[in-house]
Amino acid sequence: MRFSIIVPVYNVEKYLQDCIESILEQSVEDVEIILVNDGSTDSSGLICRDYMLNYPERIKLVEQRNLGPYLARRAGYELASGDYLLTLDGDDTLRPDALELITQTLSQYDVDIILFGISRRSDYSSFWSEEPFSQSTYIPKDELSLIYKIACTSGALNSMCTKAFKKTLLDIDKDHSDMSGFSYAEDLFQSLAIIDRASSFYYLHEPLYFYRVNYDSSTKTFDRTQLEQRNFTWRQHLRFARKWDSDCGTSDFENGVYALGQRTYAEVSQAASEALPYPEAKAYLNDITDTPAYATVFSDTSKRYALRFDFRLLIFLLRRRHFLALYLICRIKRMVRRLLGR
């Protein structure tokens with residue numbers, strides 16, 4: 001089996017059919033679909049079972065209680081028989097020729113990981129997020145520092161959904177049961193490990209993945225535990241950065257991860273400001289700035305200039321405890337995004 005596509009499913013009944021059909025319609029047939037129903041309470045589980053019964057040779061189904069997206073993906077990975085694995089969230093879709101283009105790339109470059117672009121347009125007409133390179137690029141073993149630098153200075157490599165990677169990169173036999181409920185920065189946590197094990201990459205400069213703006217998803221609602229989870233991933237990120245700095249004889253990667261940690265505080269501050277009334281948001285912002293984790297992340301601010309201006313502004317306001325100004329700016333940003341359909 002060439003490809004296994006893992007689809008973690010949690011309460012996405014409105015979009016799940018489009019997601020599964022986007023895989024079934026791929027021109028490449030050497031692919032299995034592994035649906036992982038992560039304790040859905042809507043009709044998502046029924047949709048999964050119907051597809052499994054209609055396509056028994058192509059679709060496998062895992063049913064489990066709600067353990068969060070990290071363990072849902074792990075359950076799919078363990079069942080996968082494909083040489084290369086992809087992840088597709090249950091409310092998103094793949095471009096019709098995605099696997100064909102990936103297959104063509106693999107026929108030329110036997111790489112460990114193929115990276116590709118993401119779009120927020122259902123016609124895949126443009127890129128959405130920051131891209132690691134401006135054109136299709138092969139990265140061999142002796143140029144891995146390029147990948148490490150991008151991984152430590154931007155979010156361009158964070159998503160598991162924009163990677164086709166060899167199954168052999170996974171620590172399949174390791175027990176991850178203690179990661180139950182891990183929902184924030186779990187993409188990055190998983191990505192760091194496979195990036196570290198990979199020895200070659202290819203970036204395919206095509207937006208092959210449609211990311212749907214689903215305001216009901218876990219990443220669009222505020223959870224007071226998310227900062228703790230993201231700080232956990234940040235500590236792992238710092239560990240990898242130090243290893244890569246040692247391997248490549250630099251100190252740039254560690255500095256970049258400190259900047260990304262500070263961006264995390266800007267993003268969480270924004271999420272709290274958008275979701276909570278001001279008295280609650282103020283209390284939350286005050287609490288997080290009094291923690292040891294906050295002091296650690298902000299112990300090195302030398303690379304903060306590399307962040308986007310809006311992140312730098314939010315960090316400035318957070319550091320000076322100008323919580324009302326931060327709150328109002330975030331509320332305005334939310335209104336603008338909603339008006340623009342973002």
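Each reported figure results from applying straightforward, stated rules to the coordinates on display, with no laboratory input. On a predicted model such as this, the values are computed, not experimentally measured, just so you know. No Cβ is skipped: glycine too gets one built from the backbone with ideal geometry, and neighbour counts run over all protein chains shown.
Of note:
- Distance histogram in 10 Å bins (all Cα pairs of the range 3-218, percent per bin): 8, 37, 39, 15, 1
- Within a Gaussian network of the chain (alpha carbon springs, distance under 10 Å), most fluctuating of W128, W244, W234: W128
- Going from the residue with the fewest nearby Cβ atoms within 10 Å to the one with the most, L24, L157 rank L24, L157.
- The alpha carbons of the range 229-342 give a radius of gyration and a Dmax of 15.3, 47 Å, in that order.
- Coordinate range along principal axes, alpha carbons of the range 25-138, Å, largest first: 42, 27, 24
- DSSP loop GluC sites (Glu not before Pro) with at most 15 other Cβ within 10 Å excluded, longest remaining stretch of the chain: 131-342
- For the chain: relative contact order, % (alpha-carbon pairs under 8 angstrom, 6 or more apart): 17 percent
- Over all projection directions, the Cα-based convex hull of the range 109-190 averages an area of 7.2 nm².
- Comparing T87, T301, T153 in a Gaussian network model of the chain, where Cα atoms under 10 Å apart are tied by springs, the biggest mean-square fluctuation is seen for T301.
- Cut-off 13 Å between beta-carbons: net charge of the residues surrounding I332, Lys and Arg +1, Asp and Glu -1: +3
- Sorted ascending by nearby beta carbons within 10 Å, beginning with the fewest, S129, S180 become S180, S129.
- Tally of Lys pairs whose C-alpha atoms are under 15 Å apart, taken over the chain, 8 or more apart or cross-chain: 4
- Exposure proxy ranking, count of Cβ atoms within 10 Å, fewest first, for S199, S159: S199, S159
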